[in-house]
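Peer 1: Here it is, the structure in full.
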2 protein chains.
Amino acid sequence: MTGYEVKQRADRTLRFYWVAPAMSQVYSELARLADAGLVTASLVGPGGRRDRRYRISPDGLARLREWQTTSEPEFPILKHPVALRLLMGSISSPDAARAMLTDYRRTLAERRAELSAVRESLADRPEFAYPALVADWGLAYYASEDAIVAELSERLPAADGSGASDS
Amino acid sequence: MTGYEVKQRADRTLRFYWVAPAMSQVYSELARLADAGLVTASLVGPGGRRDRRYRISPDGLARLREWQTTSEPEFPILKHPVALRLLMGSISSPDAARAMLTDYRRTLAERRAELSAVRESLADRPEFAYPALVADWGLAYYASEDAIVAELSERLPAADGSGASDS
DNA sequence: TGTAGCATGTAAGCCGTTACATGATTGA
DNA sequence: TCAATCATGTAACGGCTTACATGCTACA
């Protein structure tokens, strides 16, 4: 794949479980991997274009496999701007918190639809069995997130004045 | 609070929804906030120790409130090393994937117990109503995570040779 | 002929980490 | 008296971002 294609692939699937890397990072990382011999590059394109097409090397595949099965996975890192704001809900009004949660459910629904589309494109394709499992994982996460946020919204105090104290 | 106390607080609650910052970051960030006038520092301690105790300033509180209610929260960022490895499950054996998921459920249970303890310490304390809501959010997440991982484990192909192809 | 998409990079900077470095207080 | 905990910082570096910069190809 070219760097550009790697970026497209990452935007399609990787971003749900990791980060969608910037183009600049894709290119610099690919260059580092090539230096380390973990991928090989070839210049391609009819008419001698300077597109670089990368392929994983046997060494790279071995290292990837080793990383995958031997190294201990870290615990997932979550950075949740909505939960972070809710944590300090007491400095503002319950209504502000409620509105924020409602908005969040909306964007959650959009994300869910995007991942659903990915999941459908993976159906009945044995070569994508693992990506399909992971997509289902993501969909389950979004479903549970929507359910708990709905519940939390209801548990928020009814509208009255404004913020109480915190410590 | 002192920087040290801020760090302890972050380790106790913030780490479930964000990151547990390194001590060094707590101190440098506190210094930046003090420079910006968003917190005020006072030297304290019997006998003239040089402990710095910080307090949020009126300006800081106003800015925090503004950030909380006015700024649009980003969508949560998840970095999930287990999902990332599972995504490429086809380069190794289903058994390796199964073992990884089993391990993950174990550490998930530990985390869940830790957050449960925090949640219990927050019970029946109206001043911690919002932190309690957020703790319940986290507990719901861990519960759903455990359920879906158990299900995915079962959907993994039964043991046979080793890895198939991927693309 | 112009614009959207394909394609590749460099530079500066932010957020967060680990490693390094220091010192006071409490209590076994 | 020694170890754990409280307490504060600096330096180097990693991963990732935004801004900046360039040029080709397909097609409306």
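What follows draws every value from the coordinates through simple rules; no lab data is involved. What you see is a predicted model, and the numbers here were worked out from it, not measured in a lab. Note that we place each Cβ from the backbone using ideal geometry, even for glycine, and neighbour counts take in every protein chain shown.
Peer 1: For the stretch A:119-135, name all the residues that are at the interface with chain B (Cβ under 10 Å from one of its Cβ atoms), more than 14 Å from B:V82 (Cβ to Cβ) and surrounded by 17 or more Cβ atoms within 10 Å (Cβ to Cβ).
Peer 2: A:F128, A:A129, A:P131, A:A132, A:A135
Peer 1: A follow-up question, please. Would you confirm whether any residue within the stretch A:3-21 is within 9 Å of DNA strand D (Cβ to nearest atom), under 24 Å from the mean Cα position of the chain (by Cα) and among the polar types (S, T, N, Q)?
Peer 2: No, the stretch A:3-21 has no match at all.
Peer 1: Please go through the stretch B:102-118 and pick out each residue that is more than 17 Å from A:A140 (Cα to Cα), within 10 Å of chain A (Cβ to nearest Cβ) and within 15 Å of the chain's Cα centre (by Cα).
Peer 2: Within the stretch B:102-118, B:T107, B:E110, B:R111 meet the criteria.
Peer 1: Could you go through the stretch B:84-98 and let me know if any residue there is within 20 Å of the chain's Cα centre (by Cα) and facing chain A (nearest Cβ under 8 Å). Break it down into steps so the answer makes sense when it comes.
Peer 2: Kept after step one, since they are within 20 Å of the chain's Cα centre (by Cα), are these residues of the stretch B:84-98: B:84.
This time we only want the ones that are facing chain A (nearest Cβ under 8 Å), so: B:84.
Scanning the stretch B:84-98 turns up at least one residue that is within 20 Å of the chain's Cα centre (by Cα) and facing chain A (nearest Cβ under 8 Å).
Peer 1: Is it fair to say B:R63 is surrounded by 12 or more Cβ atoms within 10 Å (Cβ to Cβ), away from DNA strand D (no atom under 16 Å from the Cβ), over 30 Å from A:Q68 (Cβ atoms) and within 14 Å of another protein chain (Cβ to nearest Cβ)?
Peer 2: Working: surrounded by 12 or more Cβ atoms within 10 Å (Cβ to Cβ): yes; away from DNA strand D (no atom under 16 Å from the Cβ): yes; over 30 Å from A:Q68 (Cβ atoms): yes; within 14 Å of another protein chain (Cβ to nearest Cβ): yes.
So B:R63 passes the test.
Peer 1: If A:E74 satisfies every condition in (1) farther than 30 Å from A:A132 by Cβ; (2) facing chain B (nearest Cβ under 9 Å) but one, which is the exception?
Peer 2: It fails just one condition, (1).
Peer 1: Those residues that are within 13 Å of DNA strand C (Cβ to nearest atom) and not acidic (D, E), I need them from the stretch B:4-15; list them, please.
Peer 2: B:Y4, B:V6, B:K7, B:A10, B:L14, B:R15
Peer 1: Here's a follow-up. Do you know which residues across the stretch B:120-139 are of a type outside the set (F, W, Y), more than 14 Å from the chain's Cα centre (by Cα) and in a helix (DSSP H, G or I)? Steps first, answer last, please.
Peer 2: Quick first cut of the stretch B:120-139, residues of a type outside the set (F, W, Y) only: B:120-127, B:129, B:131-136, B:138-139.
Cutting the leftovers down to more than 14 Å from the chain's Cα centre (by Cα) gives us B:120-127, B:129, B:132-133.
Of everything in the stretch B:120-139, those that are of a type outside the set (F, W, Y), more than 14 Å from the chain's Cα centre (by Cα) and in a helix (DSSP H, G or I) turn out to be B:E120, B:S121, B:L122, B:P126, B:E127, B:A129, B:A132, B:L133.
Peer 1: Further question on the same structure: Find all pairs meeting these conditions: Cβ atoms under 7 angstrom apart; at least six residues apart or on different chains; first residue within the stretch A:19-44 and within 29 Å of B:I77 (Cα to Cα); second residue assigned to a loop (DSSP other than H, G, I, E, B).
Peer 2: Close Cβ pairs (under 7 Å, with a partner that is assigned to a loop (DSSP other than H, G, I, E, B)) amount to A:L38/A:S57; A:V39/A:S57.
Peer 1: A further question follows. Which of the residues spanning the stretch B:23-41 are surrounded by fewer than 15 Cβ atoms within 10 Å (Cβ to Cβ) and over 13 Å from B:G3 (Cβ atoms)?
Peer 2: B:D35, B:A36, B:G37
Peer 1: With A:W67, A:W18 as the choices, which residue is away from DNA strand C (no atom under 16 Å from the Cβ), out of contact with any Gly (no Cβ under 6 Å at 6 or more places or on another chain) and of a type in the set (F, W, Y)?
Peer 2: A:W67
Peer 1: With respect to A:T2, determine if the residue is under 27 Å from A:W137 (Cα atoms) and touching a residue at least 24 places away in the same chain (Cβ under 8 Å).
Peer 2: The answer is no for A:T2.
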